[in-house]
Amino acid sequence: MIKHIVMWKLKDTAEGKTKKENAEIIKKRLESLKGKVEELKGLEMGININSSDAAYDLSLYSEFECQEDLDKYQVNPLHLEIVKYVKKVVQDRKVVDYIV
């Protein structure tokens, strides 16, 4: 099992929307992939409530059976459409993938 975790810091404003609005948009769009992307075995999104400067604004926790499935997800057209928007509103991104 592969765990794929991503954290984003969002721009204060982007695409005519606030950070909070963009976080909600990204969350909703990524959650919409459940049941549409076969390789995606689990997905959980979280919008940060921690006020620390070290905190990121949004996180994704997702699960895949194997690396090949994660690789397929990365190039899935539904995922890539969301990535286009995310790139416009994000100022920083961190990712970790690990095997359990």
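Only one of Lys88, Lys9, Lys34 is at pLDDT 95 or above and part of a helix (DSSP H, G or I). Can you tell me which?
Of the residues listed, the single one that is at pLDDT 95 or above and part of a helix (DSSP H, G or I) is Lys88.
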> Of everything in segment 54-100 that's touching an Asp or Glu at 6+ places or on another chain (Cβ under 7 Å) and over 21 Å from Lys34 (Cβ atoms), which residue is surrounded by the fewest Cβ atoms within 10 Å (Cβ to Cβ)?
Replying inline: Lys88
> What are the residue pairs meeting all of these: first residue in segment 20-34, first residue without any contact (Cβ under 8 Å) to a residue 60 or more places away in the chain, second residue surrounded by fewer than 16 Cβ atoms within 10 Å (Cβ to Cβ) and in a helix (DSSP H, G or I), Cβ atoms under 8 Å, and 6 or more apart or on different chains?
Replying inline: Arg29/Tyr85; Leu33/Leu78
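So if I check each of Ser52, Ser59, which one is among the polar types (S, T, N, Q) and not in a strand (DSSP E or B)?
On inspection, the qualifying residue turns out to be Ser52.
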>> Residues to consider are Glu15, Glu63; find the one that is touching a His at 6+ places or on another chain (Cβ under 8 Å) and touching a residue at least 60 places away in the same chain (Cβ under 8 Å).
In response: Glu63
>> For segment 25-45, give me each residue that is under 20 Å from Asp57 (Cβ atoms) and surrounded by 15 or more Cβ atoms within 10 Å (Cβ to Cβ).
In response: Ile25, Ile26, Lys27, Arg29, Leu30, Leu33, Leu43, Met45
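The values are calculated or read from the model by the stated rules, or taken from the named source; none is laboratory data. Not measured: the values here are computed from a predicted model. Here Cβ is always computed from backbone atoms with ideal geometry, including for glycine, and neighbour counts include all displayed protein chains.
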